[in-house]
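Peer 1: Okay, handing you the structure first.
The values are calculated or read from the model by the stated rules, or taken from the named source; none is laboratory data. Here the structure is a predicted model, which is why all the values come from computation and not from measurement. Cβ coordinates were reconstructed from backbone atoms using ideal geometry, including for glycine residues, and neighbour counts include every protein chain displayed.
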């Protein structure tokens, strides 16, 4: 099985998943080689159900978007402008199809290795960082988010306790003026970082 953070040429097996979230019905196409291909994972659902929607608005970056769940859900529910980026070509293609399938507007999706192609600042950055890509990439995503946030911007992320949540929180406190645990459930931590 290939890593979803790579562009390995796995055979395609597109599947359709429907779910309700935040009072809205969504339809997503998934495929091999993309995170959570069997449907919405618990951690991502928990983040979306926990995130304070009144704090997210404005312009959102879905970092490591996979097939576009965070960006599409937040665009539909809040009406915010959303950029979605991933390094995986299949993920970008799926996100483009899912944007159309969910009738989103004010969205962009493009390739970026972490922040390599990002030239904007955002009200919020939302991520379920790719743990399997390694600590260096995870830390690049969460620690460097501060450089791409507006003055009062916030980073929202989900990470599991067994994947180093506690040590990550200690390190985040060195980069951000405020780090809050919004929710802990089944070993998943939902974290908000403020500048």
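Peer 1: Name the residue, out of 179, 158, that is within 19 Å of residue 70 (Cα to Cα) and either buried (at least 17 other Cβ atoms within 10 Å of the Cβ) or over 18 Å from the mean Cα position of the chain (by Cα) (or both).
Peer 2: None of the other options fit; the residue is 158.
Peer 1: For the stretch 58-72, what are the residues that are touching a strand residue (DSSP E or B) at 6+ places or on another chain (Cβ under 6 Å) and either crowded, with 20+ Cβ neighbours inside 10 Å or at pLDDT below 95 (or both)?
Peer 2: Answer for the stretch 58-72, where residues must be touching a strand residue (DSSP E or B) at 6+ places or on another chain (Cβ under 6 Å) and either crowded, with 20+ Cβ neighbours inside 10 Å or at pLDDT below 95 (or both): 58, 60, 61, 62, 63, 64, 65, 67, 68, 70, 71.
Peer 1: Moving to a separate point now. For the stretch 42-56, indicate whether the set of residues that are in a helix (DSSP H, G or I), at pLDDT 95 or above, more than 13 Å from the chain's Cα centre (by Cα) and within 12 Å of residue 157 (Cα to Cα) is non-empty.
Peer 2: Scanning the stretch 42-56 turns up at least one residue that is in a helix (DSSP H, G or I), at pLDDT 95 or above, more than 13 Å from the chain's Cα centre (by Cα) and within 12 Å of residue 157 (Cα to Cα).
Peer 1: Looking only at the stretch 5-40, how many residues end up being part of a loop (DSSP other than H, G, I, E, B) and farther than 29 Å from residue 152 by Cα?
Peer 2: 20
Peer 1: Residue 77 - would you say it is in contact with a helix residue (DSSP H, G or I) (Cβ under 7 Å, 6 or more places away or on another chain) and either under 12 Å from residue 126 (Cβ atoms) or in contact (Cβ under 8 Å) with a residue 60 or more places away in the chain (or both)?
Peer 2: It is false that residue 77 is in contact with a helix residue (DSSP H, G or I) (Cβ under 7 Å, 6 or more places away or on another chain) and either under 12 Å from residue 126 (Cβ atoms) or in contact (Cβ under 8 Å) with a residue 60 or more places away in the chain (or both).
Peer 1: I need the full set of residues from the stretch 97-122 which are out of contact with any helix residue (DSSP H, G or I) (no Cβ under 7 Å at 6 or more places or on another chain) and buried (at least 18 other Cβ atoms within 10 Å of the Cβ), in order please.
Peer 2: The one that is out of contact with any helix residue (DSSP H, G or I) (no Cβ under 7 Å at 6 or more places or on another chain) and buried (at least 18 other Cβ atoms within 10 Å of the Cβ): 112.
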